[in-house]
Amino acid sequence: METRIRTNCRACGHAGCGAYVVVEDGRATKILPDKEHPISKGYLCRKARGFMEDMQYHPDRLLYPQRRVGERGEGKWERISWNDALDTIASKLNQIKTESGPESVVFGHGTGRSHHRFIYRVANFFGTPNVLANGHICYLPRLAVSKQLGIPVPIVDYDNHPSCIMSWGSNTINSNADEYIGVNLGLNLKRKPQYIVVDPQRTKLAQKADIWLQLRPGTDVALAMAMMHVMVKENLYDHEFVENYSYGFDKFVERLEEYPPEVAEKITWVPAEKIVAAARMFAKAKPAAIQWGVGIEHNVNCANSDRCLIFMSALTGNLDAPGGNVLFGPPPGLPRMEFCGQEFQDRADKMLGGTRYRLAASINRISPHVVWDAIEHGDPYQVRALMIMGSNPLLVRENSARVERCLKQVEFLVMADIFPTPSTEMADILLPAATWLEFDNIADYWKSHGYIFPRPKIVEPPGEAKSDIEILNELGKRLGFADEFWDTYQDSLDYILEPAGVSWEEFKDMHYLHNEPQYYKYKTEGFKSPTGKFEFYIQQNADWGYDPLPAHVEPPESPSSDPELTDKYPLVLTTGTRTQEYFGSEHRQSKFLRKKHPDPLLHIHPETAAARGIAHGDWVYIENARGKVKHKAQVDDGIDPRVVAAEFGWWYPERPAPDYGFRDCNINFLIDDLNVGPESGATNLKGLMCEVSRVPN
Ligand SMILES: Nc1nc2c(c(=O)[nH]1)N[C@H]1C(S)=C(S)[C@@H](COP(=O)(O)OP(=O)(O)OC[C@H]3O[C@@H](n4cnc5c(=O)[nH]c(N)nc54)[C@H](O)[C@@H]3O)O[C@H]1N2
Ligand SMILES: Nc1nc2c(c(=O)[nH]1)N[C@H]1C(S)=C(S)[C@@H](COP(=O)(O)OP(=O)(O)OC[C@H]3O[C@@H](n4cnc5c(=O)[nH]c(N)nc54)[C@H](O)[C@@H]3O)O[C@H]1N2
Ligand SMILES: [Mo]
């Protein structure tokens, strides 16, 4: 018997595409697109097929809770019961809490995978303010900067068709990141708006652009400031907005004086006349919208690059304008965000890096290095346990060699994953997680587009795999917080949905819940900032000891660094170019996807390759003082000869445990974790220095 169940695909970590799952005799066999879905509009990416054909029923899936019996990383395990696993975890964590304080336990997760609200709830009741995720460099800086400005994250209003779109550090048609499924950009581009792309690589999107600004990685602030310099000098800004709704504009304009296009050209490598042309094009078009992504956040200037793009939207009158960057209201379910608990701020003094990286701390996020400092050096106190669910830190955290040392050294490590990975091999207790097809959940709960969708349980999990939210609900009770958790995890879904006036049983069969957008809300409500206005000058930053105005800061390693470094490592490296096939370190188990994209690729200019005797398709080493890994040369004249672009997340699940080949190609061996941005502890994943050489035959 065949049935089709409507759901929200989560074959990738960010999810968000409407889908139907075909079930035949209790087995999920296909994922089909939902043409009526308001966000994905009938789009589904190839990861959906790869997941369904190769991963959902993959023989490597973790099936039972296990306890490590050999040395860390030796790969010897014994199967244990869930009772044993959860009791062991609860009693060890409570013992550490009694002996060393709750803050010596750190919880962790990866990006987007919809269980983090439960992690925060458990951490919160347990009493630790330390949750390790990607918030220092991904999305959360946007959220923190927006919060500081008194707004939710501004989202492109594609449904109202901007007449100018500027894609800035986002290859949205590959990444479908966060709120955005790339099809919305694609459909708008068919209407021929003016189109600007800011990207060091000539991506498919850059090929469609009227103006492509090929900047040096890590210099986005200088470019944005120069564009705003032009807008102000040429009187192309929205006076009504600036005069009535903003604060600190004069001081901001003084700072803009430092960034004429000719100065920015030297920093960014973008010709001054192109900067002027892009500034005019964007400022004159109405409405105009900026689609930005982690291209601007993966560096030490992260917070200021986010700030600059929000400033540009405000300056041109496009903030909360139809077809601009809109401040969507939360869907009716979202007020339950107190689900996570808001008490971390009371414990900011105990939060690792909490008084150093105030912007990150303002949204309860920490930079990874503070956890490693605490494990390796007991600084400022000893971290004794890590419990990580849905992240592969050996692959995705910067400075993999240090991550490995710390995962080996920490006293107690719990990991939950769907598959064995190089990171899970380090665990003391390893928990088998269910996939998104195997439990009930609310989809898109963390996003800023104003929608939530049901994602019902469709098939039974294999073996004894359990969903993370069920695991956390059970652990919360065993840690001693029976009153704060639920009889069953499904009851928590009712709790979240209560303000919307629906139960999970009712919501499950609905298409979605949506908050209808209202525009220009600031005209009646102002901004939820200290001055009630849009703050171009941020006093809170000055109070925290940071620059109250945006400024370009050179990356810690750059072409203008010490010649001792640049002679050895002359090429600028940007990492993490997203590809359609893989999400982070996931999907390497899929034959279908691996066939399309068997190896990691390094984009390198023909001249740069020729000078090093490298031909298209050769294996090359990418090297700097921290490490040396391999990629295959993708010779490409769409990249500046002084720049190379590497992928991230590469390992080979088919190779032997416990390493699975993760030392070969994992670019994070080259990334530094210590020279970070001042406000959020952002690491420099884009715009560091390296050298490339051919791997000898
Ligand atoms: N298929 C797939 N989808 C993904 C992911 C994945 O791994 N695979 N990862 C998910 C995650 S965690 C995230 S955060 C999002 C990211 O998704 P987005 O935020 O949309 O960003 P990307 O698509 O990675 O685009 C980054 C672009 O920035 C460019 N770039 C590189 N360095 C710089 C720079 O210094 N400045 C500027 N302006 N541009 C630069 C790159 O060439 C690339 O085209 O994607 C999510 N979606
Ligand atoms: N050099 C470099 N490094 C980067 C980036 C870059 O561009 N360059 N990008 C950074 C960014 S933006 C981000 S967000 C991070 C991504 O960081 P993470 O989100 O931590 O990345 P993944 O390696 O994809 O780890 C996900 C793991 O969770 C497992 N998993 C998937 N779904 C579930 C689930 O429902 N439950 C459980 N328990 N496990 C699950 C997968 O099998 C996989 O092992 O990487 C960062 N690292
Ligand atoms: Mo991310």
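The values are calculated or read from the model by the stated rules, or taken from the named source; none is laboratory data. Treat the numbers as computed from the prediction; the structure is a model and nothing was measured. Positions of Cβ are backbone-derived with ideal geometry, glycine not excepted, and every protein chain shown enters the neighbour counts. To get the accessible areas, we keep the full protein, side chains included, count just its heavy atoms, and leave off ligands, DNA and RNA. Shrake-Rupley method; radii C 1.70, N 1.55, O 1.52, S 1.80 Å.
Details
- A Förster distance of 35 Å, applied to the separation of the beta-carbon atoms of Glu411 and Glu484, puts the FRET efficiency at 0.85.
- Met55 accessible area, assembled protein chains, probe 1.4 Å, Å²: 10 Å²
- Simple rule: put +1 on each Lys or Arg Cβ and -1 on each Asp or Glu Cβ in the stretch 69-215, find the dipole, and look at Leu132, Val105, Gly182; the Cα lying farthest toward the positive end is Gly182.
- Averaging Cα coordinates gives a centre for the stretch 132-195 and one for the stretch 605-638; these two points are 31 Å apart.
- When the C-alpha to C-alpha distance is required to be over 28 Å, the pairs from Lys190/Lys630; Lys266/Lys686; Lys533/Lys686; Lys76/Lys477 that qualify are Lys190/Lys630; Lys533/Lys686; Lys76/Lys477.
- When the convex hull of its Cα atoms is viewed from all sides, the stretch 125-174 shows a mean projected area of 6.1 nm².
- At an R0 of 60 angstrom, the distance between the Cβ atoms of Arg655 and Asn244 translates into a FRET efficiency of 0.45.
- DSSP bridge orientation in the stretch 154-326 - percent antiparallel, rounded to nearest 5: 10 percent
- If R0 is 25 Å, the Cβ-Cβ spacing of Lys284 and Val253 corresponds to a FRET efficiency of close to 0.80.
- Model label points for Arg612 and Lys528, set 7 angstrom from Cα along the Cα-to-Cβ axis, are 4.8 nm apart.
- For the stretch 35-49, the Karplus equation 6.51 cos²θ - 1.76 cosθ + 1.60, evaluated at θ = phi - 60°, returns couplings of 5, 8, 5, x, 9, 8, 6, x, 8, 9, 8, 5, 5, 4, 5 Hz by residue, with Gly and Pro reported as x.
- Size of the stretch 154-326 from its Cα atoms: along the principal axes, largest to smallest, the extents are 40, 34, 27 Å.
- For the chain, adding -39500 (n - 2.57) for each run of n ≥ 4 DSSP H residues and dividing by the number of residues yields -8000 deg cm²/dmol at 222 nm.
- Taking 0.36 nm per residue of sequence separation and removing the Cα-Cα distance, the Ile5/Val502 pair yields an extension gain of 176.9 nm.
- In order along the stretch 279-288, phi translates into HN-Hα couplings of 4, 5, 4, 5, 6, 7, 7, 9, x, 10 Hz, rounded to whole numbers, per the Karplus curve 6.51 cos²θ - 1.76 cosθ + 1.60 with θ = phi - 60° and x for Gly and Pro.
- Percent accessible area from carbon and sulfur atoms, the chain, protein chains only, probe 1.4 Å: 48 percent
- Normalised by the number of residues in the chain, the average gap of Cα pairs under 8 Å and 6 or more apart makes the relative contact order 19 percent.
- Its Cα centre serving as origin, the chain has a Cβ charge dipole (Lys and Arg +1, Asp and Glu -1) of approximately 1400 debye.
- Overall form of the stretch 473-608 per C-alpha gyration tensor (a/c, 1.5; a/b vs b/c): oblate
- Considering only Val294, Asn171, Ala222, the residue lying farthest towards the positive end of the dipole of the stretch 154-326 is Asn171, judged by Cα position with unit charges set on Cβ.
- Between the stretch 421-487 and the stretch 648-682, the alpha-carbon centres lie 25 Å apart.
- For the stretch 300-435, the Cβ-based charge dipole about the Cα centre amounts to some 200 debye (Lys, Arg positive; Asp, Glu negative; other atoms uncharged).
- Charge sum, other residues only, whose C-beta stays under 15 Å from Lys192's C-beta, Lys/Arg counted +1 and Asp/Glu -1: +2
- Here's the list of lysines a cross-link from Lys47 could span, going by alpha-carbon distance under 20 Å and ignoring same-chain residues fewer than 8 apart: Lys30, Lys35, Lys204, Lys457, Lys591, Lys595, Lys596.
- 3J(HN,Hα) along the stretch 241-247, derived from phi through the Karplus expression 6.51 cos²θ - 1.76 cosθ + 1.60 where θ = phi - 60°, amounts to 5, 4, 5, 8, 10, 10, 9 Hz, with x in place of Gly and Pro.
- The chain: equivalent-ellipsoid semi-axes (sqrt of 5 x gyration tensor eigenvalues, Cα, Å): 37, 30, 26
- Remark: spin-label model distance Glu464-Thr566 equals 5.9 nm, labels positioned 7 Å along the Cα→Cβ axis.
- Total formal charge among the other residues, if their Cβ is under 14 angstrom from that of Ser590, Lys/Arg +1 and Asp/Glu -1: +3
- Taking label positions 7 Å along the Cα-Cβ direction at both Tyr57 and Leu189, the computed distance is 3.7 nm, reported to one decimal.
- Binned Cα-Cα distances of the stretch 366-457, short to long, each 5 Å bin given as a whole percent: 3, 13, 19, 19, 14, 12, 11, 8, 2
- The stretch 9-98: Rg to Rh, with Rh as the Kirkwood radius over Cα pairs: 1.17
- On a per residue basis, the stretch 86-231 carries 26 Å² of accessible surface, using protein heavy atoms and a 1.4 Å probe.
- Cα centre as origin, Lys/Arg/Asp/Glu Cβ charges: the stretch 132-206 dipole, Debye: 240 debye
- Using 0.36 nm per residue and subtracting the Cα-Cα separation, the extra length available between Lys628 and Lys521 on full extension is 33.4 nm.
- Summary: within the chain, the longest segment free of GluC sites (Glu not before Pro) located in DSSP loops with at most 16 other C-beta atoms within 10 Å is 465-653.
- For Lys76 and Tyr381, the difference between the fully extended length at 0.36 nm per residue and the C-alpha to C-alpha distance is 106.7 nm.
- The mean of 1/r over all distinct Cα pairs in the stretch 563-694, once inverted, gives the Kirkwood hydrodynamic radius of 15.4 Å.
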